[in-house]
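As structure tokens, the structure follows; a few thoughts come after it.
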Amino acid sequence: MSATPNTVTVIRKAKFSAAHFLRLPELSDAENLQRFGPSSNPLGHGHNYEIEVSVQGPVQAETGMVMNLKDLKIILQEEVVEPLDIKNQTRECFSGQDPAPSAEPKNDWERPA
Ligand SMILES: [Zn+2]
């Protein structure tokens, strides 16, 4: 992402921890273990996540800012950290089905609507 002379980019990071497991309900325990390895354990396992959000735009003449970083912190907290932190993503966030049951967490992640 490159900025033009009249734009500024602000970046804010947030961290959270969450658990999940990789299983397909139509498979037996042995088949899930064969396909997903120890990640198929229905008790789950945890990961630590870090999200980085960039906002780019023109500096507002009234505020001298692109966006108030305090507002961005609140959005990240409400939209990402609170819904996912210290949760079992498979059971509590994605209705019992991991969004990508064939793989461990991806670098590019999209929150479901
Ligand atoms: Zn995992």
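According to the square roots a ≥ b ≥ c of the eigenvalues of the Cα gyration tensor, what is the shape class of segment 7-93, taking rounded for a/c under 1.5, prolate for a/b larger than b/c otherwise, and oblate for the remainder? Since a/c reaches 1.5 and a/b is larger than b/c, the shape of segment 7-93 is classed as prolate.
Using R₀ = 22 Å, calculate the FRET efficiency as 1/(1 + (r/R₀)^6) where r is the Cβ-Cβ separation of GLU50 and ALA19; round to 0.05. Each step should come with its number before you reach the end.
Numbers: r = 16 Å, r/R0 = 0.74.
The calculated FRET efficiency here is 0.85.
For segment 40-75, the residues whose backbone nitrogen is under 15 Å from a point 7 Å from the Cα of VAL8, taken along Cα to Cβ, are 55-72. The calculated FRET efficiency for GLN34 paired with GLU79, based on their beta-carbon distance and R0 = 30 Å, is about 0.25.
Throughout, read-outs are computed from the coordinates displayed, never taken from laboratory work. Values in this document were obtained by computation on a predicted structure and should not be read as measured data. Here the Cβ is made from the backbone with ideal geometry for all residues, glycine too, and neighbour counts use every protein chain on show.
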